[in-house]
């Protein structure tokens, strides 16, 4: 399959927290990559090599028939959030109830979507993740990649089963002694909804880490 080389990078997401440099985008100038907080996580990961820069994510992941429905759901979700924020100014309890119902429906939708397209055990892997990029083991790949190759990614983030998709560019492959090469990629194309999913996931991961590090009052 032909590969597309040298995808151009679009604007990155706002930073979530000060952090150490992001190894998943280590070839990006340090003043850019440091704005992203990186986490070590286990996620579901699907990787596809792009035939060309214009190939859509819907086509890559065979979701073209669902594209209009996804767009409509996201439009409705934005409208619901706006209406709930207006309602909260007058009826906080009712607004809280509607928010809970909306979250319940959203969770059920993600569960149903995952059940229709479950991942194989081999597609779950340990990664370094940030809003700007990703690093993962080359053992997951079905074909070799080279720096500059354009790829499409679909992530499955636990425990919410959020499934953001994006186009990415391979920055490099790092070979550690006695280990499989590690692929470092930079996200270059992703819609706002998916970007926000990753940002929320990173923030929740940070919150769980802080909670786990707090001393037990009973001890």
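Structure notes:
- Residue in segment 137-149 that is over 18 Å from residue 48 (Cα atoms), modelled with pLDDT of 85 or more and surrounded by fewer than 19 Cβ atoms within 10 Å (Cβ to Cβ) present: no
Here's the yes/no breakdown for (1) modelled with pLDDT of 75 or more; (2) under 30 Å from residue 140 (Cβ atoms); (3) surrounded by 13 or more Cβ atoms within 10 Å (Cβ to Cβ):
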| residue | (1), (2), (3) |
| --- | --- |
| 71 | no, yes, no |
| 76 | no, no, no |
| 84 | no, no, yes |
| 87 | no, no, yes |
| 106 | no, yes, yes |
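- The set of residues in segment 134-147 being in contact (Cβ under 8 Å) with a residue 60 or more places away in the chain and assigned to a helix (DSSP H, G or I) consists of 140 alone.
- Of everything in segment 181-219 that is in a loop (DSSP other than H, G, I, E, B) and modelled with pLDDT of 85 or more, the residue that is surrounded by the most Cβ atoms within 10 Å (Cβ to Cβ) is 190.
- Selection status of residue 171, more than 30 Å from residue 54 (Cα to Cα) and at pLDDT 90 or above: no
- Filter pass, residue 158 being under 13 Å from the mean Cα position of the chain (by Cα) and surrounded by 16 or more Cβ atoms within 10 Å (Cβ to Cβ): no
- Within the set 91, 40, 46, the sole residue that is exposed (fewer than 15 other Cβ atoms within 10 Å of the Cβ), closer than 17 Å to residue 135 by Cα and at pLDDT 75 or above turns out to be 40.
- Among the criteria (1) without any contact (Cβ under 8 Å) to a residue 60 or more places away in the chain; (2) surrounded by 14 or more Cβ atoms within 10 Å (Cβ to Cβ); (3) within 18 Å of the chain's Cα centre (by Cα); (4) assigned to a loop (DSSP other than H, G, I, E, B), the one residue 131 does not fulfil is (1).
The values are calculated or read from the model by the stated rules, or taken from the named source; none is laboratory data. Predicted model only: the values in this text are computed from it and were never measured. Every residue, glycine as well, gets a Cβ built from its backbone with ideal geometry; the counts of neighbours run over all protein chains shown.
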